[in-house]
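Heads up, the thing below is written out as structure tokens.
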Amino acid sequence: MIGLHNTGLPWWSVIPLSALTIRTCLVLPAQTLRRRAIYRMTLLQPLIDARMSLQRRTQLIRSPHLTWSSQRVLLLIRRQAIRFRVAKTFDARGRITFALVGFAILLLVSENIRQISGRRGGILSLFLGAYFPSLEDSEENGEQRAAGRKAKEAEANRPKNVFGEAVDGGASEPVPEQQGEKSHVTWFQPSLKTGGFSFCPDLTAPDLSLTLPALFSASFMASIYFAPRVAREPAGDKTAQSASGAGANAEPNNQPNKMVRALLDRPGMTNLQKIMMTVALLMVYPAMQMPGALLLYFISNLGVGAIHVRLLSKAMPIRNAPLACRRPVRMNPVRERLDLIAASTSSRKA
């Protein structure tokens, strides 16, 4: 970033260009490998469902005394074990690992932006520093205590006369006042104070107009809402059609109708996506305490990531895996238990 700024570019353009470069050169390769792993796991989903169906029936037979919640927890644990075993067998691992690579790069870059902005305390204090001042001032308080101890030791080591009074000579080296400041101002760029926008000229301070926090929260929510979704209902169900399939079945030469059908037939969000949407909405509160440079990088990173996801969706589309039949596998343990009891009763009567 400093190298780009030295070419004459302002900071409001340097930070988005840096996000584009870092995301394309470092994150996009890992994102491509992660999408390949997701594509393989999507094709293997019928095998996982078949094994889970057998596991569900076996569990109902062997442990019918368990409550509904206990059975759901055991099935969830068993599903994760089956997914891991299938992914290992068919070489479809790496989804979480490649996602953590992008997250680690994001944390590393945000820490560097914190340093060039001259902020203290790390990424945690940027979120909580305004509400927990001890997180932001812990370094300064520690330096003051250390300077006080050194001053007392220097005073105790000074030579004294017969009356116990300290005399000059042999004094220890003075402690620099700014010694503790070097750790966080080494990469500080004063030009960030005037390299922002008209509504936020100082990128080292929070945006008082709340424009960047609102854009950050909105871009975070948009990246979650428009993320690719995969439906897992049977093909005969109307709600199971994806956006691409709905567009193909729509009336020809009627683009508005295609768009409406695509939105109506779009698969719903998962529970994890709903939780992340809530988190994205609440992120506007800690974003009010972040420097403008960090928020600008987050917004640029989310925008570039959305473009990359769109390109990957066209180059490596993830379609629904083929299902064995139109009838869905039952997910209600109570119905399964009743069917087993009815079957065993009819066999006894016969």
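The values are calculated or read from the model by the stated rules, or taken from the named source; none is laboratory data. Here the structure is a predicted model, which means the values were calculated and not measured. Please note: Cβ atoms are built from the backbone with ideal geometry, for glycine as well, and neighbour counts cover all protein chains shown.
A compact table of results
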quantity	calculated
Elements of type helices (runs of 4 or more DSSP H) in the stretch 239-305, at least 3 residues being farther than 30 Å from Ile113 by Cα and at pLDDT below 80	243-249, 255-264
Residue list for the stretch 1-50, restricted to those being closer than 24 Å to Gly196 by Cβ and not in a helix (DSSP H, G or I)	Met1, Thr7, Gly8, Leu9, Pro10
Answer residue from the stretch 29-72, given it is among the aliphatic types (A, V, I, L, M) and touching a Gly at 6+ places or on another chain (Cβ under 9 Å) and is modelled with the lowest pLDDT among those	Ala37
Residue among Phe84, Phe90 that is of a type in the set (Phe, Trp, Tyr), touching a helix residue (DSSP H, G or I) at 6+ places or on another chain (Cβ under 9 Å) and surrounded by fewer than 14 Cβ atoms within 10 Å (Cβ to Cβ)	Phe90
Every pair of residues 6+ apart whose Cβ atoms lie under 6 Å, when the first sits in the stretch 48-75 and is without any contact (Cβ under 8 Å) to a residue 24 or more places away in the chain while the second is surrounded by 16 or more Cβ atoms within 10 Å (Cβ to Cβ) and small (Gly, Ala, Ser)	none
Selection count, the stretch 188-219, where residues are outside any loop (DSSP other than H, G, I, E, B), under 19 Å from Pro10 (Cα atoms) and touching a residue at least 40 places away in the same chain (Cβ under 8 Å)	3
Some residue of the stretch 44-55 being buried (at least 16 other Cβ atoms within 10 Å of the Cβ) and in contact with a Phe, Trp or Tyr (Cβ under 9 Å, 6 or more places away or on another chain)	yes
Odd one out for Asp91, checked against (1) outside any loop (DSSP other than H, G, I, E, B); (2) on the phi > 0 side of the Ramachandran plot	(1)
Exclusive hit being hydrophobic (A, V, I, L, M, F, W, C) and under 19 Å from the mean Cα position of the chain (by Cα), set Phe90, Phe98	Phe98
Residues (more than 30 Å from Gly94 (Cα to Cα), among the β-branched types (Val, Ile, Thr) and in a helix (DSSP H, G or I)) located in the stretch 59-83	Ile61
Residue identified as within 27 Å of Ile318 (Cβ to Cβ) and at pLDDT 60 or above among Phe197, Phe226, Phe188	Phe226
Residue check, Ala92 farther than 30 Å from Gln189 by Cβ, free of Cβ contacts under 8 Å to residues at least 24 places away in the same chain and either of a type in the set (A, V, I, L, M) or touching an Asp or Glu at 6+ places or on another chain (Cβ under 9 Å) (or both)	no
Residue among Ile15, Ile2, Ile105 that is surrounded by fewer than 16 Cβ atoms within 10 Å (Cβ to Cβ), within 28 Å of the chain's Cα centre (by Cα) and within 30 Å of Phe188 (Cα to Cα)	Ile2
